[in-house]
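Since every read-out is calculated from the coordinates, none of them should be taken as a lab result. The structure displayed is predicted, hence computed values, not measured ones. Using ideal geometry, Cβ is built from the backbone for each residue, glycine included, and neighbour counts are taken over all protein chains shown.
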Amino acid sequence: MLTNDTQPTSYVKSKPGLAGMKAKNNNLKAVLMLLGILVFIGGAVSVFLISQNQNTTPVAPNVPQSKPAAYIEKAQTCTLVFDVTEPDKMACGEEGCETDSDCSEGLVCLTADDDKKYCAKEEYETACIDNPNSTTCCSAPEDETLACGESGCINSDDCAEGFVCVSTSETDDDGNIVKYCADEDYLDACVANPGENTCCSAPNEELACGEEGCETDSDCESGLVCLTADNDKKYCAKEAYETACTDNPSTTNCCTAPTITTTTTVTTTVTPTGTATPTGTVTPGVTTVITTVGCNDVCDANADCSNISHVCYEGRCRLDVNPTDTQCRLPSGETTIVRPVHVPTQSGPADWLNYVKAGLGVLGVGALLLLLL
């Protein structure tokens, strides 16, 4: 029986196929949900694997990686232990030492000629100072010493036993003095004219005056000098005849005074009795004078010049016909000239008679003057 409070039941008629569609939708959702779960799980695994491969630092084999302690007790202390070793000593021949203690045992610290300090063996001190290096400072020189008379030594250690190294008058192309090994007995000769003969043996016999071939005055006999003549050769000569020897070197010109040749003429007077009586009057003669003798002697007047052909020219004795020539030569270049020689007139009988006549005449004039007074 129907009452007013009873609601009528509604019936809905479903459409054909609707139930089938709902079933399909439910299946699709389930598949998608499953795929989402799988994708999530795969992503999580990939992230984990990637994070595990990021540490690419190489680790030495068999060496465990240190792991920091979570806690260090404050009572613990850190102690560093190490050994302090003495600095290495400098080897022989090395430069830079200050004292012997800087060098290895048995070496000394030397100041070389280059003002640097080197470690060296004491027995090679001289060689090391002269030319510091590992060879000269530390080892005996090679047995290639220079023989007597050879050049190129630095000190006597470079010379054969018994010889010394000396600085000579010779220089090289750069102007440096050349040193030679020499016998101590001949040092002066070696220095003046270095060579095997002069440095190592007694000099040859001294050259006599006028001889050619000297090098220094010591090559000539005592009292002679070694002159370079105009022919570029050297001669032993007496110093007083230097000019004549230089102009024309010979034993005569270099060693003796010039010879003066005088020619005189004596005239005679014939008396009425027919006898020839010499008057005693000597005519002026002539002489050949070597113009270079006494050339350039100091003078104040012509009389100071010893050569009769010289005059005093600007304080020096010069040839009177060519005073400006410093070697007293003729303008032609010759060194001899012919000059007259003035010989005092000798007194003769005729002269005495003339003197008597003159005296009597003077007395007569004097007496006449007395009478007139």
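Couple of notes before you dig in:
- Burial ranking of peptide ranges 190-200, 291-301 (average Cβ count within 10 Å, highest at the top): 190-200, 291-301
- Here the calculated FRET efficiency for Glu239 and Ser139, from their Cβ-Cβ distance with R0 = 35 Å, stands at 0.05, rounded to the nearest 0.05.
- Residue pairs, from the table Lys121/Lys179; Lys89/Lys117; Lys89/Lys121, whose Cα atoms sit over 22 Å apart: Lys121/Lys179
- Here is the P(r) of the stretch 117-173: all C-alpha pair distances, binned every 10 Å from 0, give 23, 46, 26, 4 in whole percents.
- Taking θ as phi - 60° and the Karplus parameters 6.51, -1.76 and 1.60, the scalar couplings of the stretch 27-32 work out to 5, 5, 4, 5, 5, 5 Hz in sequence order, x denoting glycine and proline.
- Counting only Cα atoms, the size of the stretch 144-203 along its three principal axes is 29, 27, 12 Å, in decreasing order.
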